[in-house]
Amino acid sequence: MRDSIKAALRSLVVNEPRLSALGDTGELAVRIYKLLLSPEELSCIALYFRSIIPDVCHFAGPETAGAMLVSAMACFDSDCSSPISALMVRKTAKPGRSRIEGPLECDGPETVIIDDVLGTGATILDSARCLRDAGCQISLALVVLERESLGGRSLLAQHGIEVRSIATSKEIGAYSAPQRR
């Protein structure tokens, strides 16, 4: 299953000079939406994530792509002893509301953050801080693609968050552009 997801990710960068020497995480994230908007690909990603964490019941994702992945995860059976909860963490709160949307069930086991691309780690760390402030236990993030040259894994590790990715940018041929001095 993981290999088929990697192949789909590779197909996003083939014959795309802009993406084979990426300097912009946002451009790749836009391409990943093609996968997330495909029911077959989204199901495959969600099933793969579910297979590596079958007993986790609480998921949270940064808006927008993370929320799409979290919703898909909540659709599949699990080994959970309690109901599955799916949360979205907004970048900013709507007037009079929390940044966290969904049934906040943080009094039990761990909540896993799920997102499409890990770059610098800032988005996932921001979501983790928001969820931790609400009482959630956060120690794991799952991502579809990791831009390893941007240091996100290291930043999250400093904050007690392990990262598991389906693929890295090197594995799919989307190498970061060399830094100019």
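Summary table below
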{"quantity": "Residue within region 148-155 that is buried (at least 23 other Cβ atoms within 10 Å of the Cβ), assigned to a helix (DSSP H, G or I) and modelled with pLDDT of 95 or more present", "calculated": "yes"}
{"quantity": "Residue satisfying condition, being surrounded by 18 or more Cβ atoms within 10 Å (Cβ to Cβ), at pLDDT below 90, assigned to a helix (DSSP H, G or I) and in contact with a Ser or Thr (Cβ under 8 Å, 6 or more places away or on another chain), within set Leu28, Leu19", "calculated": "Leu28"}
{"quantity": "Filtered residues of region 100-147 (kept if of a type in the set (D, E, K, R), touching a strand residue (DSSP E or B) at 6+ places or on another chain (Cβ under 6 Å) and surrounded by fewer than 20 Cβ atoms within 10 Å (Cβ to Cβ))", "calculated": "Glu101, Glu105"}
{"quantity": "Per-region count, region 156-181, residues modelled with pLDDT under 95, surrounded by 13 or more Cβ atoms within 10 Å (Cβ to Cβ), in a loop (DSSP other than H, G, I, E, B) and not acidic (Asp, Glu)", "calculated": "5"}
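The values are calculated or read from the model by the stated rules, or taken from the named source; none is laboratory data. For clarity, every value in this text was computed on a predicted model and none was experimentally measured. Neighbour counts are summed over all protein chains in view; Cβ atoms, including those assigned to glycine, are modelled from backbone coordinates with ideal geometry.
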